[in-house]
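Please treat every number below as a calculation from the coordinates, not as lab data. Small disclaimer: the values here were computed from a predicted structure and weren't measured. Every residue, glycine as well, gets a Cβ built from its backbone with ideal geometry; the counts of neighbours run over all protein chains shown.
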Amino acid sequence: DTGVSQNPRHKITKRGQNVTFRCDPISEHNRLYWYRQTLGQGPEFLTYFQNEAQLEKSRLLSDRFSAERPKGSFSTLEIQRTEQGDSAMYLCASSTGGNSPLHFGNGTRLTVT
Amino acid sequence: QKEVEQDPGPLSVPEGAIVSLNCTYSNSAFQYFMWYRQYSRKGPELLMYTYSSGNKEDGRFTAQVDKSSKYISLFIRDSQPSDSATYLCAMSKAAGNKLTFGGGTRVLVKP
């Protein structure tokens, strides 16, 4: 399967702990996006990269959140000092840019206890 | 008020019926319109992708965009139980730009 891959699929952590998620985009997709989705809601934009450059960040991305894409391939999203309100599905998507649509992975479900 | 509004449902239809879904939006800058299908505990899967106003058909799916009314629709013909999912509309201001999603409509197709 050459789709967008996200790991882990599910992460349970205690409040105050740090967590890191990984996204491997479709090969040769130079744009990579992170979204967050809570139960019963549509995905909300967090940030996106063009190659290794982080071009836009939502105000939803507090200073406890950081995303990187060091070599323009895979990306990581880290949440420091997790809070219960961080419990959500974190989705990654990639595209080739231009008119091409976004293709999503199956997400990482975070539960903060 | 959200930029993109979508009735959450659930919308329940018998197998073989036409499913009609819609979204309204407030920002006239949106130019690209998409419909995604999302099964439980899975990521969104792209169904339809259209630019500006007009209709687009792909198999059992038809997407319509009416920019003057800020209203988009998705029709699913000959619905099947496997079409039971949440359908998300999404839109962007420019090609390849970030997407703004509706909240999703849950659809149940009963055999």
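With no other cysteine's Cβ closer than 4.7 Å, which Cys residues of the protein assembly as shown count as lacking a disulfide-compatible partner? So, none.
For A:Phe45, B:Phe61, B:Phe101, which order do you get if you count the other beta carbons within 10 Å of each Cβ and list the fewest first? Working shown, then result.
Working: A:Phe45 21, B:Phe61 17, B:Phe101 24.
Fewest-to-most Cβ neighbours within 10 Å comes out as B:Phe61, A:Phe45, B:Phe101.
Pairwise Cα distances in the protein assembly as shown exceed 30 Å in 24 percent of cases.
Sorting A:Lys14, B:Lys2, B:Lys110 from the fewest to the most surrounding beta carbons within 10 angstrom yields A:Lys14, B:Lys110, B:Lys2. Please report the spacing between the Cα centers of the range A:1-58 and the range B:1-54 in Å, no decimals. Cα centroid to Cα centroid, the span is 22 Å.
In this simple spin-label approximation, A:Glu83 and B:Glu3 carry label points 7 Å from Cα along the Cα→Cβ vector, and these lie 2.3 nm apart.
Out of every Cα-Cα pair that chain A contains, those further apart than 17 angstrom amount to 50 percent.
What is the diffusion coefficient of chain B in µm²/s, taking the Kirkwood radius over Cα pairs and the Stokes-Einstein relation at 25 °C with a viscosity of 0.890 mPa s? Could you put the intermediate results ahead of the total?
Values: Rh = 14.0 Å.
D = 176 µm²/s.
Considering only DSSP beta bridges with both partners in the protein assembly as shown, what is the antiparallel share in %, to the nearest 5?
Numbers: 72 of 80 bridges.
Roughly 90 percent of the DSSP beta bridges within the protein assembly as shown come out antiparallel.
Taking every DSSP bridge with both residues inside chain A, close to 90 percent are antiparallel. Peptide B:33-43 has a mean of 4 when you count, residue by residue, the C-beta atoms of other protein chains within 10 Å of its C-beta.
For a quick protection proxy, order the peptides A:74-87, B:78-91, B:5-18 by their average other-Cβ count within 10 Å, most packed first. Could the numbers behind the result be given before it?
Values: A:74-87: 16.1, B:78-91: 19.4, B:5-18: 13.8.
Going by the mean number of other Cβ atoms within 10 Å, highest first, we get B:78-91, A:74-87, B:5-18.
With Kirkwood's inverse mean 1/r over C-alpha pairs for Rh, give me the Rg to Rh ratio of the range A:71-113, two decimals please.
Details: Rg = 13.4 Å, Rh = 12.4 Å.
Result: Rg/Rh = 1.07.
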